[in-house]
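Visitor: Have a look at this one.
The values are calculated or read from the model by the stated rules, or taken from the named source; none is laboratory data. Note that the coordinates shown come from a computational prediction; the quantities given were computed from them, not determined experimentally. FYI the Cβ positions are ideal-geometry reconstructions off the backbone, even for glycines, and counts take in every protein chain you see. Each accessible area value is taken on the protein alone, full model and side chains, heavy atoms only, with ligands, DNA and RNA left out. Shrake-Rupley method; radii C 1.70, N 1.55, O 1.52, S 1.80 Å.
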Amino acid sequence: MNFRTTRAEIDVDALSTNANWVRQQIGTGKLLGIVKADGYGHGVGAVCDVLAPCVDAFGVGFTDEALALRDAHTSSDKPVLILEGCQSIAELEVAAENNFWVVIHSLYQLELLEQAKLARPLCVWLKIDTGMHRLGLELAAVEGFLVRLRKCNNVADTVLMSHLANADSGMPLNHYQRQQFEKIKRQNSGFQFSLHNSAALLNPQLRGEIGENDWVRAGLLLYGVNPSAVTEVQSELKPAMSLKAPIIAIHELKKGDSVGYGSSWIAEKPSRIATVAIGYADGYPRQCGNGTPTAVCNKIAPLVGRVSMDMITIDITDIPEACVGDDVELWGARIDVREVANYADTISWHLLTGTSVRVPRVYRA
């Protein structure tokens, strides 16, 4: 039981709607549903229960997340790709036992795979660095790795993948990375491939043809948020998370009165200020400044004053019907999480995944 009604409402129908929309965009391609960081903060068990009929496999960050997924989503043993790969033979053994797929992005990981004695061979995703320079093999090393993977008894299948540095924008590096990956595809026609993430799917520079041997790694789109600064599709999506909190106090301020720590907002006229039960300990970003939008009674109420650990204050002067107990939406169907992220000088991924564990997730159809 939760006495405080601050919560993240998760619309499970929205998850399904978004996944089916992505399916329509990729045609005959395969869909890897990215559910790392506890399903982008939505709750990995519930997310996987909904997405399982829509995706071909799931993707998580590391082995512990893969095991947490299995514990939370017990209705199927759909493959789970570990995007950072394994860092020990013990992890590889766990992967073999649990139908986990693994990324190989370094010589160290390849050598571990060659040394391990596994219960069954693994599907390996070989990560190639086409220009992001974070993880992956140099282009010149790819052929040598493929030769060794073919000889390795611990390998069942191989998928060739790369990751894009600027998929959400129109940077020139996009052309180079796509050209390099297309070259790899031409040289290795017998494999499956994965270049596209959510943003690449929407970027004309990067989309190209998506065929039956291509995997699309969809993350943010599944949760109903457009990741692209190039193509606007937000109207096609349904935000799955609505972060809400109640008004717990209302104060009448005179002109010249200040609000909150540091007195960073001063009333320029008589004002009506509501205190809302959410703060940075709940994941609402402390960086949000005066004017950040919230919604109460289906009207916009701007943030005023600093964000505290447990509370924020909003200006409801123009919303006379607002009263103690009313819900305030911080982001969701009415308030675009991307707009809040802009006010906080961050990204929507950060806000969704940063929603604190002390905020209950409430699932609604």
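Visitor: Based on the Cα gyration tensor of the chain, what are the three equivalent ellipsoid semi-axes, each the root of five times an eigenvalue, rounded to whole Å and given largest first?
Guide: Semi-axes, largest first: 44, 21, 18 Å.
Visitor: To continue, here is another question. Determine the calculated [θ] at 222 nm for the chain from helices alone, applying -39500 (n - 2.57) to every DSSP H run no shorter than 4 residues and normalising by the residue count; nearest 500 deg cm²/dmol.
Guide: About -7500 deg cm²/dmol.
Visitor: Filter the cross-link list Lys117/Lys185; Lys30/Lys78; Lys151/Lys183; Lys127/Lys185; Lys127/Lys183; Lys30/Lys185 down to pairs whose alpha-carbon distance in this structure exceeds 19 Å.
Guide: The answer is Lys117/Lys185; Lys151/Lys183.
Visitor: Tell me, what is a quarter of the convex hull surface for the C-alpha atoms of region 302-365, in nm² with one decimal?
Guide: Averaged projected hull area, Cα only: 5.8 nm².
Visitor: Let me ask you something else. Considering the convex hull of the alpha carbon atoms of region 148-202, report its projected area averaged over all viewing directions, in nm², one decimal.
Guide: Mean projected area for region 148-202: 4.6 nm², to one decimal.
Visitor: Same structure, new question: Just how far, in whole angstrom, is region 76-140 from region 153-171 if you go by their alpha carbon centroids?
Guide: 13
Visitor: Rounded to the nearest whole Å³, what is the per residue volume of the convex hull around the Cα atoms of region 17-139?
Guide: 123
Visitor: Continuing with the same structure: Taking the Cα atoms of region 241-309, report the difference between the largest and smallest coordinate on each principal axis, in whole Å and largest first.
Guide: Over region 241-309, Cα extents along the principal axes are 37, 26, 19 Å.
Visitor: Still on this structure, I have one more. Give the Cα extents of region 134-257 along the principal axes, in whole Å, largest first.
Guide: Result, largest extent first: 76, 34, 28 Å.
Visitor: Enter the accessible area per residue of region 62-138 (Å², integer; probe 1.4 Å; all protein chains in place).
Guide: 45
Visitor: Still on this structure: Can you tell me what share of the DSSP beta bridges in the chain is antiparallel? A percent to the nearest 5 is fine.
Guide: Roughly 45 percent of the beta bridges in the chain run antiparallel, per DSSP.
Visitor: Taking the square root of 5 times each eigenvalue of the Cα gyration tensor, what semi-axes in Å does the equivalent ellipsoid of region 223-365 have, largest first?
Guide: 26, 16, 15
Visitor: In percent, what relative contact order does the chain have, based on Cα pairs under 8 Å that are 6 or more apart in sequence?
Guide: Relative contact order of the chain: 18 percent.
Visitor: Can you tell me the 0 to 90 degree angle between the C-alpha axis of helix 12-26 and the longest principal axis of the chain, rounded to 10?
Guide: Taking Cα atoms only, the helix is inclined about 40 degrees.
Visitor: Amide H of Val259: which non-local residues (sequence gap of 5 or more, or other chain) have their own amide H closer than 5 Å, using H built in the peptide plane?
Guide: The list, which skips near neighbours in sequence, is Ser264, Trp265.
Visitor: If you fit an axis through the alpha-carbon atoms of helix 173-187 and take the longest principal axis of the Cα set of the chain, what angle between them do you get, 0 to 90°, nearest 10?
Guide: 30
Visitor: Let me ask something else about it. Using DSSP to define loop residues, name the trypsin sites (Lys or Arg not before Pro) in region 283-323 whose beta-carbon has at most 16 other beta-carbon atoms within 10 Å.
Guide: Arg286
Visitor: May I pose another question? Once the cut-off is 19 Å, how many percent of the Cα-Cα pairs in region 210-286 end up in the long-distance tail?
Guide: Result for the distance tail: 63 percent.
Visitor: Return the Rg/Rh value of region 173-234, two decimal places, where both radii are evaluated on C-alpha atoms and Rh is the Kirkwood radius.
Guide: Value, to two decimals: 0.99.
Visitor: OK, next. If I model a spin label as a point 7 Å beyond the Cα along the Cα-Cβ vector, how far apart are those points for Thr231 and His350 in nm?
Guide: 2.7
Visitor: Where the centroid of each part is defined by its Cα atoms, how far is region 16-73 from region 293-365 in Å?
Guide: About 26 Å separates the Cα centre of region 16-73 from the one of region 293-365.
Visitor: How large, in percent, is the carbon and sulfur part of the accessible surface of the chain at a probe radius of 1.4 Å?
Guide: Using a 1.4 Å probe with all protein chains present, the chain comes out at 50 percent carbon and sulfur.
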